[in-house]
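Enquirer: The structure follows.
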Number of protein chains: 2
Amino acid sequence: MADIGFPRCAASLKGVILDMCGVLYDSGEGDGVAIPGSVDAVRKLKASDLKLRFCTNETQAAREKFVAKLRRLGFDICVSEVFSPAPAAVAVLRERGLRPHLLVYDALLSEFEGVDTSDPNCVVIGDAAEKFSYANLNEAFRVLIGLEKPILFSLGKGKYYKETDGLKLDVGVYMKALEYACDVEAEVIGKPSATFFQSVLNDMALQPHEVLMIGDDLVNDVGGAQQCGMKGVQVRTGKYRPSDQKHPTVTADGTTDHLAQAVDMILSQRGKS
Amino acid sequence: MADIGFPRCAASLKGVILDMCGVLYDSGEGDGVAIPGSVDAVRKLKASDLKLRFCTNETQAAREKFVAKLRRLGFDICVSEVFSPAPAAVAVLRERGLRPHLLVYDALLSEFEGVDTSDPNCVVIGDAAEKFSYANLNEAFRVLIGLEKPILFSLGKGKYYKETDGLKLDVGVYMKALEYACDVEAEVIGKPSATFFQSVLNDMALQPHEVLMIGDDLVNDVGGAQQCGMKGVQVRTGKYRPSDQKHPTVTADGTTDHLAQAVDMILSQRGKS
């Protein structure tokens, strides 16, 4: 059933966007592990005439750090090909002249170097994990509630993710907490935001219908890409759940067992596999 | 303007329910301070033919503890007159045969003595303050997400409260966080739940129209009591804000400067002041 509904657009594609965690690798102790076949799949895409970008909601480390990790796992990837929420947030902050109070993982702070954080007039939260203490969340709350018009940015809106030692609460949960406390709606930067996907398309200089998104997260990867006019394929690795196929609002344009299978199908439709 | 719209039901009243923090006293360092006139107001009510109960969403201490504090401040009050969420939760847990995972302030744990907390099949959260660490919230989340049908009880749904050193996030914020993480709607125990107010009325053996609620919180005190069929008067102490008078859904049946004024008006309407 791997090819059921696989989109027939592959022949006319000009680019592919790949989610990272759950598609390229599984996170966990140390660097985590590459998902079988995915290192080769990325190599094949790069050898094709398709443009390739990587799109992640990773906010626990600066891009340099997690790109280095992926290279250690064997992937041919460089920082300029990777789109993540923190640099997108920095662009938004600069554009709107905002000075953030940052509640993010320490390892992410380098992405915000040079950003003025004095006398903050907005709050940015990422997946801060252990840094989501009562004191830190309260501090972010006090900044927000002290503003005439509170502005909250959330780097993604995930509920939870899986690590080797179990499920962990993600940034979306704390976004909801601050939204309720301050009667404010957060601006989400990262997947599934259409603005975020559009910034990747802009960098590729391609139209949405020319690009396919491949991810393990039905709502944030597939649904987000579809909202933006792209096709979206889900892989049965990472956080895929069989119940995704009965999701009330999002239906993937195709589903494959893993990235390697998706790439083989794309390349074979193009007569190059 | 203190008497504008003060309800004319006072003559036919048989009972009064008082909120505590913000009506009787302001919390803060040590025991906090009694609001001027409130010790006398309670004494007058007790000397009248009206039944009197106290109703609070306090979940940072067991009733024994905060009743002792109020007595030190000069109030004539005893534990059996005080209704708070923890004992109400214990009653619900017993009735439904539930074993809670407790995420509450240490000082509240004594209220749950004798409750079976082994192999939990629900989660109870209170205003845990500093205990709302990432690790503790994650632990509560894992219990919930591991249940076939997650059951979450929240002891109140307040957004924040004020202490001498500033605003503090309240339990409702963490309730929203867990609701989002687990796709579940919490059952709120405490004000403004009608079940909670009804339990106070049952103890008074009175009908809703025979009882007046006096509080500083428009939504949780006044709105909750009105939902239950009582009249609700707001005092301009505690967390009262002038903007309350333009609230979109809740309008107090009366507003007074403080408890002392409300009590004088009730007793004068009854010809006993």
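Every number here is computed from the coordinates shown, using simple stated rules; none is lab data. Just so it is clear, the structure is predicted and the values come from calculations on it, not from any experiment. We place every Cβ from the backbone using ideal geometry, glycine too, and count neighbours over all the protein chains shown.
Enquirer: Is there a quick way to get the dipole size of the protein assembly as shown? I mean about its Cα centre, with the Cβ of Lys and Arg at +1 and of Asp and Glu at -1; what is the value in debye to the nearest 20?
Expert: The dipole of the protein assembly as shown has a size of about 800 debye.
Enquirer: How would you classify the range B:149-192 from its alpha-carbon gyration tensor, with a ≥ b ≥ c the square roots of the eigenvalues: rounded for a/c under 1.5, else prolate if a/b is greater than b/c, otherwise oblate?
Expert: In terms of gyration-tensor shape, oblate.
Enquirer: In whole Å, how far is the Cα centre of the range A:163-204 from that of the range B:164-210?
Expert: So the two Cα centres are separated by 29 Å.
Enquirer: Mind listing P(r) for the range B:24-172? All alpha-carbon pairs, 5 Å bins, whole percents.
Expert: The percentages, shortest bin first, are 2, 8, 16, 19, 19, 13, 10, 7, 4, 2, 0.
Enquirer: Between the range B:53-117 and the range B:219-247, how far is it from one alpha carbon centroid to the other, in angstrom?
Expert: Using only Cα atoms to place each centre, the spacing works out to 23 Å.
Enquirer: How far, in nm to one decimal, is residue B:43 from itself in the other copies if the label point is set 7 angstrom along Cα toward Cβ? Shortest first, please.
Expert: The projected label point of residue B:43 is separated from its counterparts by 8.9 nm.
Enquirer: In nm, what does the list of distances from residue B:80 to its counterparts in the other copies look like, shortest first, when each label sits 7 Å along Cα to Cβ?
Expert: Label-point distances to the other copies, shortest first: 8.1 nm.
Enquirer: Please get the size of the charge dipole for chain A, origin at its Cα centre, with Cβ charges of +1 on Lys and Arg and -1 on Asp and Glu, quoted in debye to the nearest 20.
Expert: Dipole size: approximately 680 debye.
Enquirer: Given axes a ≥ b ≥ c from the Cα gyration tensor, I'd like to know whether the range A:154-273 is rounded (a/c under 1.5), prolate (a/b larger than b/c) or oblate.
Expert: Oblate shape, in that a/c is at least 1.5 and b/c is the bigger or equal ratio.
Enquirer: Would you mind working out the magnitude of the charge dipole of the range B:57-146 relative to its Cα centre, with +1 at each Lys and Arg C-beta and -1 at each Asp and Glu C-beta, to the nearest 20 Debye?
Expert: The dipole magnitude comes to about 60 debye.
Enquirer: For residue A:43 and residue A:8, what is the calculated FRET efficiency with R₀ set at 35 Å and r taken between the beta-carbons, to the nearest 0.05?
Expert: Between residue A:43 and residue A:8 the formula returns 0.90.
Enquirer: Using the Karplus curve 6.51 cos²θ - 1.76 cosθ + 1.60 with θ = phi - 60°, what ³J(HN,Hα) values do you get for each residue of the range B:124-133, in whole Hz, with x for Gly and Pro?
Expert: 10, 10, x, 6, 7, 6, 4, 6, 7, 7
Enquirer: On average, how much area does the Cα convex hull of the range A:1-98 cover when viewed from any direction, in nm²?
Expert: The number I arrive at for the range A:1-98 is 8.3 nm².
Enquirer: If the reach is capped at under 23 angstrom between alpha carbons, list the lysines near residue B:239, excluding any in the same chain fewer than eight residues apart.
Expert: A:149, B:65, B:69, B:157, B:159, B:162, B:168, B:176, B:191, B:231
Enquirer: How much mean residue ellipticity at 222 nm does the protein assembly as shown get from its helices, if each DSSP H run of length 4 or more adds -39500 (n - 2.57) and you divide by all residues, to the nearest 500 deg cm²/dmol?
Expert: Mean residue ellipticity, 222 nm, calculated: -9000 deg cm²/dmol.
Enquirer: Using θ = phi - 60° and the Karplus relation 6.51 cos²θ - 1.76 cosθ + 1.60, list the HN-Hα couplings for the range B:239-251 in order, rounded to whole Hz, with x at every Gly or Pro.
Expert: Karplus-based 3J(HN,Hα) across the range B:239-251 equals 8, 3, 10, x, 5, 4, 6, 10, 4, x, 10, 10, 10 Hz.
Enquirer: Set Lys and Arg Cβ to +1 and Asp and Glu Cβ to -1, take the dipole of the protein assembly as shown about its Cα centre, and tell me which of A:263, B:13, A:200 lies farthest positive.
Expert: B:13
Enquirer: Could you tally the net charge around residue A:205, taking each other residue with its Cβ under 15 Å from the Cβ of residue A:205, Lys/Arg +1 and Asp/Glu -1?
Expert: -1
Enquirer: Moving to a separate point now. Which ³J(HN,Hα) values, rounded to whole Hz and listed in residue order, are derived for the range A:222-231 from phi using the Karplus coefficients 6.51, -1.76 and 1.60 in 6.51 cos²θ - 1.76 cosθ + 1.60 with θ = phi - 60°, glycine and proline given as x?
Expert: Using θ = phi - 60°, the values come out as 5, x, x, 5, 5, 4, 8, x, 8, 8 Hz.
Enquirer: Right, another one. Taking the Cα centre of the range A:86-187 as the origin and placing charges on Cβ (Lys, Arg +1; Asp, Glu -1), which of A:123, A:108, A:178 is farthest toward the positive end of the dipole?
Expert: A:178
Enquirer: Next question, about the same structure. Can you give the direction-averaged projected area of the convex hull of the alpha-carbon atoms in the protein assembly as shown, in nm²?
Expert: Here the figure is 27.5 nm², rounded to one decimal.
Enquirer: When chain B is modelled as a GNM with alpha-carbon springs shorter than 10 Å, which of B:104, B:233, B:184 fluctuates the most?
Expert: Answer for the Gaussian network model of chain B: B:184.
Enquirer: Here's a follow-up. Could you tell me the calculated FRET efficiency between residue A:95 and residue A:162, based on Cβ-Cβ distance and R0 = 41 angstrom, to the nearest 0.05?
Expert: 0.75
Enquirer: Just from the alpha-carbon atoms, what are the Rg and Dmax of the range B:51-112 in angstroms?
Expert: Rg and Dmax of the range B:51-112, Cα atoms, are 12.7, 40 Å.
Enquirer: From the Cα gyration tensor of the range A:206-273, with a ≥ b ≥ c the square roots of its eigenvalues, which class applies: rounded if a/c is under 1.5, or else prolate if a/b is larger than b/c, or else oblate?
Expert: Since a/c reaches 1.5 but b/c is at least a/b, the shape of the range A:206-273 is classed as oblate.
Enquirer: In whole percent, what relative contact order does chain B give with Cα contacts below 8 Å and a gap of six or more residues?
Expert: It rounds to 23 percent for chain B.
Enquirer: While we're on this one: Just from the alpha-carbon atoms, what are the Rg and Dmax of chain A in angstroms?
Expert: Just the Cα atoms of chain A yield Rg and Dmax of 18.6, 60 Å.
Enquirer: For the range B:154-256, with the dipole built from +1 on Lys and Arg beta-carbon atoms and -1 on Asp and Glu ones, taken about the Cα centre, which of B:188, B:218, B:154 lies farthest toward the positive end?
Expert: Farthest towards the positive end: B:218.
Enquirer: Under the definition of partner shielding as Cβ atoms of other protein chains within 10 Å of a residue Cβ, what is the mean value for peptide A:124-131?
Expert: Mean number of neighbouring Cβ atoms from other chains: 1.
Enquirer: I've got another one for you. What order do you get for B:20, B:204 when you list them from fewest to most C-beta neighbours inside 10 Å?
Expert: B:204, B:20
Enquirer: So what's the projected area for the range B:116-183, the Cα convex hull averaged over all directions, in nm²?
Expert: Computing the convex hull of the Cα atoms and averaging its projections yields 5.0 nm².
Enquirer: Only counting other Cβ atoms within 10 Å, I'd like B:17, A:145 sorted with the fewest neighbours first.
Expert: Final ranking by Cβ density, sparse to dense: A:145, B:17.
Enquirer: If contacts are Cα pairs under 8 angstrom and at least 6 residues apart, what is the relative contact order of the range B:116-273 in percent?
Expert: Relative contact order of the range B:116-273: 15 percent.
Enquirer: From the label point of residue B:106, set 7 Å along Cα to the beta carbon, how far off in nm is each other copy's matching point, shortest first?
Expert: So the distances to the same position in the other copies read 2.5 nm.
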